[in-house]
Structure formats: C-alpha cells, structure tokens
1. Subtracting the Cα-Cα distance from 0.36 nm times the residue separation, let me have the gained length for Leu171 to Arg141 in nm, one decimal.
2. Quick check on region 71-132: take the gyration tensor over C-alpha atoms, sort the square-rooted eigenvalues as a ≥ b ≥ c, and tell me if it's rounded (a/c under 1.5), prolate or oblate.
3. State the percentage of accessible surface on region 156-208 attributable to carbon and sulfur atoms; use a 1.4 Å probe and exclude ligands, DNA and RNA.
4. Measuring with a 1.4 Å probe in the full set of protein chains, what accessible area per residue, in whole Å², belongs to region 152-208?
5. In nm, give the distance between the simple-model label positions of Glu53 and Lys105, each being 7 Å from the Cα along the Cα-to-Cβ direction.
6. Mind putting together the pair-distance distribution for region 1-115? All Cα pairs, 10 Å bins, whole percent per bin, short to long.
7. Express the C-alpha Rg of region 96-173 as a ratio against the empirical globular expectation 2.2 N^0.38 Å, rounded to two decimals.
8. At 1.567 mPa s and 4 °C, plugging the Kirkwood radius over alpha-carbon pairs of region 40-108 into Stokes-Einstein gives what diffusion coefficient in µm²/s?
Amino acid sequence: MMLEKKTTEFLEVLSSKEPVPGGGGASAAVGAFGSALGMMVANLTVGKKKYAEVEDEIIEVREKLSDLQKELVELADADARAFEPLSRAYGLPKETEEQRLEKEKVMEQALYEASVVPLQIMETVLKTEQLLEVLGEKGSRIALSDVGVGILFARAALEGASLNVFINTRLMKNRERAEEMNARADALIEESRTVSDRIYNGVLEHIR
C-alpha cells in the first residue's frame, strides 16, 4: 500500500512525474490524517474522570475513526488502480473508425471508474467530519485545537477528491450519469462545508 511507505517516501513519489499517486491519493492521505487526529483526541479523552459520562461514546467514535482511517488508506491505493486503465485508454489508437469507437467505449468506462473512487473518498471523509463534531463537543478540551486541525484536513481532503470527480465526469459521453455523479459530489461538498464551518467556528470560539 502506498501509505505503508514512510511519509518522506510517499512525498517523494507524490512529487515525482509518476502518474500515481496524484491528487486523489493525496486527498485520501490527508483524510486519513484527519481521522488520526480525531483518534488522538479520543485517546486523550478516554480514561479521564472528567469525561467518564461520555467515555463509552468516545470509545465508539474512536473505533469508527479507526475503521475510516483504514478505509482511506485502502482508497488511496484504489484511486491509483482506477487511474491506470484511464492512463492506458488515453494512449489507444484512433486511426480507423473501429479504433475510434473502441477507444471511446474504453475511455467512457475508465472515466466512470476513475470518478467512483474519489466519490467514495468524499463519502468516507464526510463520515470522519461528523465524528470530529462529536469530539469537538465532548472530547478533551486540551486537545480541542486538534479537532480544528482535523476538520481542516478533512475538508481539504473532501474538496480535493471532488476535483478528481469533476475532471473525469466532464469528459464522459453519458451526460446523465456524469451529472448524477456531479450532483452527488456537489451535495457532499455542501454538507461538508456546513459541518466543517460549524466545527471550526466552535473550536475558535473556545480557544480564542
């Protein structure tokens, strides 16, 4: 897995001319960091007498964040796998009508598959944001700034992934399916902005 590399190794590959990882993989990675920050806040909350009444809920949040983090790590690789067929499709010949039609068919499917994974990243990150909100309300006050950093990471991850949806759907011939995917991405962005603004503003209100 790409994210099993050392951070410096991942950054080295990301900054190279290699086609993957790209923006999608980087978005998944940033989302995983957001989840990790949430887990840290949860770990700083569990076991403290001050938060005994919410401990069971925080433990449940921590477990869910752990699952989401693992899912985002897997999605970073899935994004790379989804891009490879698209990369090959761009290089298919189109000198004859038969070749042109075949390339168009292959491209259409590859564009669709390359859009599905970033949508999954967006959906996974939104779940992370919703759990971060619980930690912002009930987690350790000494780690509240980390909730704020986590939500900023998550928002960047979600909106970053959306760009990988839009750059592919704009080329799809099946406009009905493309617009359905765009509409889903737009809805996720809107919900994310509402949640992230609420969390970030709440954090600022308490720490400033």
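1. 6.1 nm
2. Judged from the Cα gyration tensor, region 71-132 comes out prolate (a/c at least 1.5, a/b above b/c).
3. 49 percent
4. Ligands and nucleic acids excluded, the result is 60 Å² per residue.
5. Taking the simple label geometry, Glu53 and Lys105 are separated by 6.5 nm.
6. Cα pair-distance distribution for region 1-115, in percent: 13, 30, 23, 18, 10, 4, 2, 0.
7. 1.64
8. My calculation gives 81 µm²/s for D.
The values are calculated or read from the model by the stated rules, or taken from the named source; none is laboratory data. On a predicted model such as this, the values are computed, not experimentally measured, just so you know. When we count neighbours, we look across all protein chains shown, and the Cβ atoms used for this are built from the backbone with ideal geometry, even at glycine. Heads up: the accessible areas ignore ligands, DNA and RNA and are worked out on the full protein's heavy atoms, side chains in. Shrake-Rupley method; radii C 1.70, N 1.55, O 1.52, S 1.80 Å.
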